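Structure first, then comments.
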Amino acid sequence: MKQHRIRIDLSYKGTNYHGWQMQENAITVQEEVNKALTLILREKIETTGCGRTDTGVHAKQYTAHFDCVGAIEDFPKLKYKLNTLLSRDIAVTDIYETYLGFHSRFDAIKRTYKYFIHTQKNPFENEYSTFISHDLNVDAMNDAAKLLTGKKDFTSFCKLHTNVSNNYCTVFEAYWIHNADKYVFTISANRFLRNMVRAIVGTMLDAGRNKTTDITEFEKIIEAKDRSKAGVSAPPQGLFLWKNEYPQSVGKNL
């Protein structure tokens, strides 16, 4: 029978989930999406995601794909059923058939993360932003961020013992914006390593707190290729997978 490859875009609040990736004895976003699709389409569905997110991390735009045997005639209806069945923490924003060669992870050419910090105590921010009780030196953090751009080995900011062939990533842009009591870090790259953004943010916060007195210290951390030289990973709740970008040829046309 003919196989159909379906692309699904969604957003989720990661507070109550152990990340995207399925794992034993833990509730994950992938598991919930797979169960909903399997129930609605009446065949075993296993999605493939664009990457991992850590426990408690959110996604504004996450892309996955799956294969099914039965043809889907009404995608708006499928989207409606999924959003009815899934918890309020997960929302399907688009779903459609794509070509069989499409791969949500390997076809992505650019990924963007944002990290949010607030410095005025606010109970309504706590699940989507990290509270730090003092102002930060945003100029020092931006000086550090500039050192991230380009193709580099990010072993110093990578979770140890992961199954990847290399730790090189090409960072296209990295910068902080400060407005009143809010700080937002944006970073875009062709790929990210596990825990990479949180480790980078945690290390840059040392500069923001003026613990790193010389910006060359941050450069030495990158060059060391040693996770123990970098700072503690920033908490997960401030991190969002913001956007995945694909070549223009990867669209709805089959």
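Please treat every number below as a calculation from the coordinates, not as lab data. Model, not experiment: these values are computed from the prediction. No Cβ is skipped: glycine too gets one built from the backbone with ideal geometry, and neighbour counts run over all protein chains shown.
Below, the figures for the structure above:
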item	result
Under DSSP loop assignment and at most 12 Cβ neighbours within 10 Å, longest chymotrypsin sites (Phe, Trp or Tyr not before Pro)-free interval of the chain	125-254
Rg/Rh (Cα only; Kirkwood hydrodynamic radius) as it applies to the chain	1.01
Gaussian network model of the chain, Cα within-10 Å springs - most flexible of Thr93, Thr203, Thr84	Thr84
Rounded tilt (10° steps) of 215-224 against the dominant C-alpha axis of the chain	50
Paired Rg and Dmax values of segment 111-242, which use every Cα atom, in angstrom	14.0, 42
Compactness of segment 61-166 - radius of gyration and Dmax, Cα, Å	20.2, 56
Relative contact order (%) - criterion: Cα under 8 Å, at least six apart; region: the chain	24
Cα-centred dipole magnitude for segment 4-106, charges only on beta-carbon of K, R (+1) and D, E (-1), debye, nearest 20	160
Paired Rg and Dmax values of segment 18-77, which use every Cα atom, in angstrom	12.5, 35
Cα-centre dipole for the chain with unit charges at Cβ (Lys and Arg positive, Asp and Glu negative), debye to 20	380
Convex hull volume per residue in cubic angstrom - Cα atoms of segment 1-100	93
Listed residues Ala180, Ala224, Ala189, most fluctuating in the chain (Gaussian network, C-alpha, under 10 Å)	Ala180
